[in-house]
1. Restricting attention to the range 299-320, does a residue exist that is farther than 30 Å from Ala137 by Cβ, touching a residue at least 60 places away in the same chain (Cβ under 8 Å), charged (D, E, K, R) and surrounded by 21 or more Cβ atoms within 10 Å (Cβ to Cβ)?
2. Regarding the range 33-46, can at least one residue be identified that is more than 20 Å from Ser252 (Cβ to Cβ), over 14 Å from the mean Cα position of the chain (by Cα) and at pLDDT 95 or above?
3. Would the range 59-78 turn up any residue that is more than 20 Å from the chain's Cα centre (by Cα), crowded, with 18+ Cβ neighbours inside 10 Å, part of a strand (DSSP E or B) and touching a residue at least 24 places away in the same chain (Cβ under 8 Å)?
4. Restricting attention to the range 116-126, report how many residues are more than 9 Å from the ligand (Cβ to nearest atom) and polar (S, T, N, Q).
5. Restricting to the range 132-144, give me the number of residues that are more than 8 Å from the ligand (Cβ to nearest atom), assigned to a loop (DSSP other than H, G, I, E, B) and either aromatic (Phe, Trp, Tyr) or more than 16 Å from Val280 (Cβ to Cβ) (or both).
6. If you take the residues of the range 232-265 that are in a loop (DSSP other than H, G, I, E, B) and among the small types (Gly, Ala, Ser), which of them is farthest from the ligand (Cβ to nearest atom)?
7. Looking at the range 266-274, can you tell me whether even one residue there is within 15 Å of Met169 (Cα to Cα) and part of a loop (DSSP other than H, G, I, E, B)?
8. Can you pull out every residue in the range 188-216 that is assigned to a strand (DSSP E or B) and not basic (Lys, Arg)?
Amino acid sequence: PNLDQMGGDGSGLRRVGCRAKGGSPGFKVAILGAAGGIGQPLAMLMKMNPLVSVLHLYDVANAPGVTADISHMDTSAVVRGFLGQPQLEEALTGMDLVIIPAGVPRKPGMTRDDLFNINAGIVRTLSEAIAKCCPKAVVNIISNPVNSTVPIAAEVFKKAGTFDPKKLMGVTMLDVVRANTFVAEVMSLDPREVDVPVVGGHAGVTILPLLSQVKPPCSFTQKEIEYLTDRIQNGGTEVVEAKAGAGSATLSMAYAAVKFADACLRGLRGDANIVECAFVSSHVTELPFFASKVRLGRSGIDEVYGLGPLNEYERIGLEKAKKELGGSIEKGVTFVKK
Ligand code: NAI
């Protein structure tokens, strides 16, 4: 099939200029790995986002099917599909935001780092194409291990001379989404009103919820703190085990990815006070990358916020997180440099 026509039926009967009435500016968004467990619901939700005018769906498998399916939704974004490496550059050209959920997920018993050997190469290849075709795009990396894949993308961009720390973000939003949900459960609150900062990274002990800074202010018992910290850090494993070999979080991840991507797009549009947690290039600790709250704006990340006051329990957690995170960052950097 002529994939460039995907989103229409290839008849050539679409009248140019009929779309996008209503005057919304609209952003061009590409999803790389769009036919996967995360990619499909993510593509569906992005098709529903009124800030998106063009949606490019790229995968090495099944992109035509997913594209044909999603393109029938009666929302304004124009959907196009791209299959395999020869169409990668076309998929990326002109994009404002690139979201990457490409790569293998965990099976029971695996850590995120066990995915490194396969996913590192995938993220490197995709990042090289981004550097070439849309070096100014905001990039949201979902592929695990995020603690290493974000440094990999940064190194690729540095090599290409296109690295802009304001544009590269590892998506840790699912940790925040889980933290909000679990805290709301324990405190009998509406999860939509709960805001838990989660800092550090996106794997095990590097996931550091700051329960002392929860909004609305909550006072937890030590038992509650330990239960919540453990559940937030192992929320991904909870899903991997429940799915018993059929993959990791996909639906909650797609929800979280869209929440974060929408925040990025509202920032690009110029909305004020868009603040979310993400794993970014950072001076908040001595590590070159760290997840913390960031303010999103017209240039991507407009400001990286510090951690705020931590209690003793969180300070101990921070030291543990930094130890593991440093190694994971180094592993990513070395992978590109070697
Ligand atoms: P999946 O296996 O269902 O889908 C992955 C998709 O990537 C497949 O459609 C596959 O064809 C595609 N793909 C493989 N190589 C590719 C390449 N070179 N270029 C483009 N596409 C390629 O996996 P799932 O469940 O969607 O997970 C994807 C990734 O997201 C995994 O690495 C997983 O660990 C990670 N993840 C991250 C989370 C986070 O919080 N950041 C949460 C959950 C998962």
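1. There is at least one residue in the range 299-320 that is farther than 30 Å from Ala137 by Cβ, touching a residue at least 60 places away in the same chain (Cβ under 8 Å), charged (D, E, K, R) and surrounded by 21 or more Cβ atoms within 10 Å (Cβ to Cβ).
2. First, pick out the residues of the range 33-46 that are more than 20 Å from Ser252 (Cβ to Cβ): none.
Within the range 33-46 (the criterion being more than 20 Å from Ser252 (Cβ to Cβ), over 14 Å from the mean Cα position of the chain (by Cα) and at pLDDT 95 or above), the answer is no, since none of the residues qualifies.
3. Checking the range 59-78: at least one residue is more than 20 Å from the chain's Cα centre (by Cα), crowded, with 18+ Cβ neighbours inside 10 Å, part of a strand (DSSP E or B) and touching a residue at least 24 places away in the same chain (Cβ under 8 Å).
4. Within the range 116-126, residues that are more than 9 Å from the ligand (Cβ to nearest atom) and polar (S, T, N, Q) number 1.
5. Restricting attention to the range 132-144, the residues satisfying the condition of being more than 8 Å from the ligand (Cβ to nearest atom) are 132-140.
Pick out the ones that are also assigned to a loop (DSSP other than H, G, I, E, B) and you get 134-137.
The next check asks that each one be either aromatic (Phe, Trp, Tyr) or more than 16 Å from Val280 (Cβ to Cβ) (or both); those that pass are 134-136.
Count: 3.
6. Narrowing the range 232-265 to residues in a loop (DSSP other than H, G, I, E, B): 234, 244-250.
Adding the requirement that they be among the small types (Gly, Ala, Ser) leaves 244-249.
Values: Ala244: 14, Gly245: 12, Ala246: 9, Gly247: 5, Ser248: 5, Ala249: 4 Å.
Looking at residues that are in a loop (DSSP other than H, G, I, E, B) and among the small types (Gly, Ala, Ser), I get Ala244.
7. Restricting attention to the range 266-274, the residues satisfying the condition of being within 15 Å of Met169 (Cα to Cα) are 267-268, 274.
Among the residues that remain, those that are also part of a loop (DSSP other than H, G, I, E, B) are: none.
Checked the range 266-274: no residue is within 15 Å of Met169 (Cα to Cα) and part of a loop (DSSP other than H, G, I, E, B).
8. From the range 188-216, those assigned to a strand (DSSP E or B) are 195, 198-200, 207-209, 215; that's our starting set.
Answer for the range 188-216, where residues must be assigned to a strand (DSSP E or B) and not basic (Lys, Arg): Asp195, Val198, Val199, Gly200, Ile207, Leu208, Pro209.
The values are calculated or read from the model by the stated rules, or taken from the named source; none is laboratory data. Since this is a predicted model, take the numbers as computed values, not measurements. We place every Cβ from the backbone using ideal geometry, glycine too, and count neighbours over all the protein chains shown.
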